[in-house]
1. Excluding residues fewer than 8 places away in the same chain, name every one of the aspartates and glutamates whose C-alpha is closer than 20 Å to that of LYS139.
2. Kindly flag which residue pairs out of LYS95/LYS138; LYS22/LYS135; LYS116/LYS143; LYS42/LYS168; LYS22/LYS64 have an alpha-carbon separation exceeding 30 Å in this structure.
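None of the figures in this text is laboratory data; all of them are computed from the coordinates on show. Source: prediction; values computed, not measured.
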Amino acid sequence: MKTPRVETRRLILRNPLPSDAKTYSKAEISYYSTGKINTEEKARKHIKKSLKDKQSFEWGLFLKENGELIGIVELDHLSWFNHNAGEMSHHIKRKYQKQGYGTESATALINYCFKKMNLKKIYADTNPDNKGAQKLLKKLGFKLEGRIRERHFINGKWVDELDYGLLKREWKK
């Protein structure tokens, strides 16, 4: 699905384009650096597929100052019929973490979701070891809704999942 362009003070959030494939394949961003999208061709296929997906949006986070890709923000699992809800996920290059880019891009995305898309709820999950993600979600007003024990098998061990949610009426930005 064509992702709407959103701008913040320091970032441009826009659709990844096939011409961004080389940058995506070398982005060192969470999902992309796990080996699943580690070549330019795999990145190009992923980007083309994401443009056709009707249940999700994917924004590349590009610095306004130089156009560098520093992260990805996704809005997945859109449920229009029952909940008007979607799942937000963030992946930011390590060297750009703890500089406010997560807060800045998430705030823009949440505003877009609640004001333009009229979603009722945004949810997100993380593992208990990801203290940075938990801190960001709490800062944005997300509430811890539950823990799913041994949800994912990561690096040879079972890991719990923490589930967070933010209702439109709770959003204060």
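1. Qualifying aspartates and glutamates at Cα under 20 Å: GLU74, GLU87, GLU104, ASP125, ASP129, GLU161, ASP163, GLU170.
2. Table pairs above 30 Å Cα-Cα are LYS22/LYS135; LYS42/LYS168.
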